[in-house]
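What follows is a single structure, written as structure tokens, with notes after it.
The values are calculated or read from the model by the stated rules, or taken from the named source; none is laboratory data. Being a predicted model, the structure only gives us computed values, none of them experimental. For neighbour counting, all protein chains shown are included, and Cβ atoms are generated from backbone atoms with ideal geometry for every residue, glycine included.
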């Protein structure tokens, strides 16, 4: 194949891993089944006559754990999913056939990082801080990037540094920084394909407020059909000053599920 | 960013999904925990005061189910993993730290399809048929492709058509076609990065033979450090006659696991 | 405490275990999540400074596996549960609050074994054989036992011998012996508290018929409020000729579940 | 059967449930996989032609959750299990064959409640309080009960009232009351069959000390072969002033596991 694509690839790529490692005990929302991994069979448990042995795994987990993507079926508003489908009836045989995660196409898209704390000259944003439309516009201008229809936009708050701390990352008393209704409306208006953040719930959570209100989820998943990517590791992109890249995300093709753990990549020429 | 990469991507891509959909009841090896997906919370179970509702998932599964990749830690021979590590000691705290699936880098590689039945003028290969070195060489010549170091080579037997039939796909009495010791040695000698097939165990299984002997696993995983990808859907590539492509595979970053379900992609310019 | 109860107990008891051992790979209905047990932590994985070490487990399973009891919420007919509750509405927040397994009181009841093959002078009953009302009545007479209201009646077919064979136990092509509509109606009329059998589905399954029709489940669970106990091991009782005993069954108190694995006991004075 | 046992049973029994209800979100040790229950199939998901429908469950859980029993294989000391078996070698094929929970016989034993706060005239004991040998002896005297070989002794601290509070029950900063090395040695010396408590770790945990040291586990499980029952609900027995009873405990027969959730009963004549 005479392929410009392969030529570019083979001329060398630099890949930044935006996914969190899946480890037992990592911070996650208590609303979802905890991630567990264990080895039912270890080497030596059963050795074949020829000296060969195989080890294997068992995983029990929710799909909204670690770095993950929300399918449109994840959230409903007033009994309706995106496009107006009845949320109750849309579950056929125990599967979300219409807007399940199996309906999300693998993404090879233009990706943009909006590094809000860098723009604001802060080490990171504080719990409960709402990233405003002005913040988003100012950041784009300062980074000299323009959001185009079909882009995937990743919003860095710096909160991701807390992932290693465990429960502090989840927020709770401190709240979590992020965009809210205004920011979601603004970015949806630009026709983005998906939005991501370095926090567990993507959007701003007020101190102690928990998940009582999630307006950005409503605007993006229900009203706009825009996917949400949560718990991204954006520290590497920020350190390297990478604001534009090829964004690669391939959800697991789980029939009828509301989300999937993912390991997104940001790719640039080496 | 003035990026040839983004230019190529945005000039249009054609993506072929090589992964099987993860569905309860799909065929899998009985050696691994069965794939199950269920919805702990459906829309309507708990509706917030503002009319919002979230549905979620629970997954219980092995990692060697559906389309998946084997980490080097999956197989040992005579008590040793690839590189000679003691297979027993290599499990630290219940995790394969050294050769676990978390050590597999995401792949953006040159991919090749070797369509053996097309080369042999057969609809597909029969259970228990061993794909020979001559088959591999003849197929490469007829397709006019050359395997280079670092490539990912996918070997089509046509057996994947049986995936929808359930247990017939697993083989058992019929056996399963594939390469064996000679083919694995030949391809390993070409310096491939990973090998894949459209069968559940990658290599030839004799009728009724089961998994008593897996020489290709030993040669590739233990002796050569070459990853194995199983249960690929190669029918789309074959129908479209695509033999060379950008191969994209991103394993879940599960610390210490022996494998991961994956959804590989073959990408070419549109 | 001056207790006749403790006196009897301490004068010596003989206990017969009616439960199957829970093992990975045991036969079970494919309709339910497979039983899996694995050790996330083994001794030596993590040793405390004082030399102590703890091993632990992870279980993933359905509740209708191994020897188990069906809660009334397990089955509905024409959209209604026992007592007429709407089957759809009765699931509150993803739990069967009304007739879930948590509503089954622990049982210390008079238990009776009806050993049908012994009565009929057969080694065991054949797949698809329907145990008739005449069989039940004849067996009671030959055993000189009378069923009273509140009793737990266990019906032996001899099929339990196949448990060790795996899939043969499940039935499928062969069908499975058991009572059907007539037998269930007759025993319900005697006011039994619960019924059990040594088969996976309790009632007769015609060869190749699978679970397309389960009239005994409808009559017992939906119409009569009588619990069903499945996959009992009744071989020990039969060998010892024990037809009357104290029946002890303690379901797990799983809030809102449709069943529970159980380990019932038959107890007699030593 | 002319059975004094059945006569006593049918003359009426009063049963006190000593098990906690298994609910998603209940307090448990973070060392063990979290208890989760979900309904893969609800009524209406799949209705048979005859109008029948079955709902079912999926459970994912550790075995040391809710009210549970520790098998002797749960704890090792200096690489040895009870009886001196090598803790590493004792795991055969991923199962604790020798001292797994499948080796615990169902219990129908004389049970005693030692209500320590009642004896001491306190509402309940404080976190970190060590129940002394004097406390145990004084309580027995005040209750006028004598511990005999083979008895099951349940030690109430009153801490069980916190179960509904969630994390407070687990202890952590507050510590948890219970016996420690001296109390375990004393009770082991009396030849008890099993010991239980209304706390999550059975023995005293110092404030903030966590599970760094568990001397009572070592003395009972490793040195003495005495089973430990944790997270009992002893409030009902205390309120009713029941100090002596028939204790019924039937562990799940899980091959090779280190523990089992249980639902123990205290039974007295009505």
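Listed values, structure above:
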read-out: One residue from C:82, C:102 being at pLDDT 95 or above and either surrounded by fewer than 17 Cβ atoms within 10 Å (Cβ to Cβ) or more than 7 Å from every other protein chain (Cβ to nearest Cβ) (or both); value: C:82
read-out: Qualifying positions in region B:83-94 - over 14 Å from residue B:225 (Cβ atoms) and touching a helix residue (DSSP H, G or I) at 6+ places or on another chain (Cβ under 9 Å); value: B:87, B:90, B:91
read-out: Strands (runs of 3 or more DSSP E) within region B:19-72 that include 2 or more residues more than 7 Å from chain A (Cβ to nearest Cβ); value: B:36-41, B:68-70
read-out: Some residue of region D:112-125 being at the interface with another protein chain (Cβ under 8 Å from one of its Cβ atoms) and more than 30 Å from residue C:78 (Cα to Cα); value: no
read-out: Residues being within 17 Å of the chain's Cα centre (by Cα) and without any contact (Cβ under 8 Å) to a residue 60 or more places away in the chain - total across region A:1-22; value: 1
read-out: The one condition in (1) buried (at least 24 other Cβ atoms within 10 Å of the Cβ); (2) within 16 Å of the chain's Cα centre (by Cα) that residue B:32 fails to fulfil; value: (1)
read-out: Residue that is surrounded by the fewest Cβ atoms within 10 Å (Cβ to Cβ) [pool: residues in region D:87-99 that are more than 9 Å from every other protein chain (Cβ to nearest Cβ) and farther than 26 Å from residue D:155 by Cβ]; value: D:89
read-out: Candidates B:130, B:146, filtered to the one that is more than 17 Å from residue B:227 (Cβ to Cβ), surrounded by fewer than 22 Cβ atoms within 10 Å (Cβ to Cβ) and touching a residue at least 12 places away in the same chain (Cβ under 8 Å); value: B:130
read-out: Total residues in region A:236-266, condition more than 7 Å from chain B (Cβ to nearest Cβ), under 20 Å from residue A:13 (Cβ atoms) and not in a loop (DSSP other than H, G, I, E, B); value: 9
read-out: Condition check for residue A:225: out of contact with any strand residue (DSSP E or B) (no Cβ under 7 Å at 6 or more places or on another chain) and more than 9 Å from chain B (Cβ to nearest Cβ); value: yes
read-out: Number of the exception - residue B:76 against (1) buried (at least 24 other Cβ atoms within 10 Å of the Cβ); (2) more than 7 Å from chain A (Cβ to nearest Cβ); (3) farther than 25 Å from residue B:25 by Cα; value: (2)
read-out: Of all residues making up region D:1-10, the number that are surrounded by fewer than 17 Cβ atoms within 10 Å (Cβ to Cβ), facing chain C (nearest Cβ under 8 Å) and outside any helix (DSSP H, G or I); value: 1
read-out: Check on residue D:192, out of contact with any helix residue (DSSP H, G or I) (no Cβ under 8 Å at 6 or more places or on another chain) and either at pLDDT below 95 or within 14 Å of chain C (Cβ to nearest Cβ) (or both); value: no
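Results for (1) under 16 Å from the mean Cα position of the chain (by Cα); (2) surrounded by 20 or more Cβ atoms within 10 Å (Cβ to Cβ); (3) closer than 18 Å to residue D:54 by Cβ, shown as yes or no for each residue.
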| site | (1), (2), (3) |
| --- | --- |
| C:192 | yes, yes, no |
| C:214 | yes, yes, yes |
| C:236 | yes, no, no |
| C:255 | no, no, no |
| C:267 | no, yes, no |
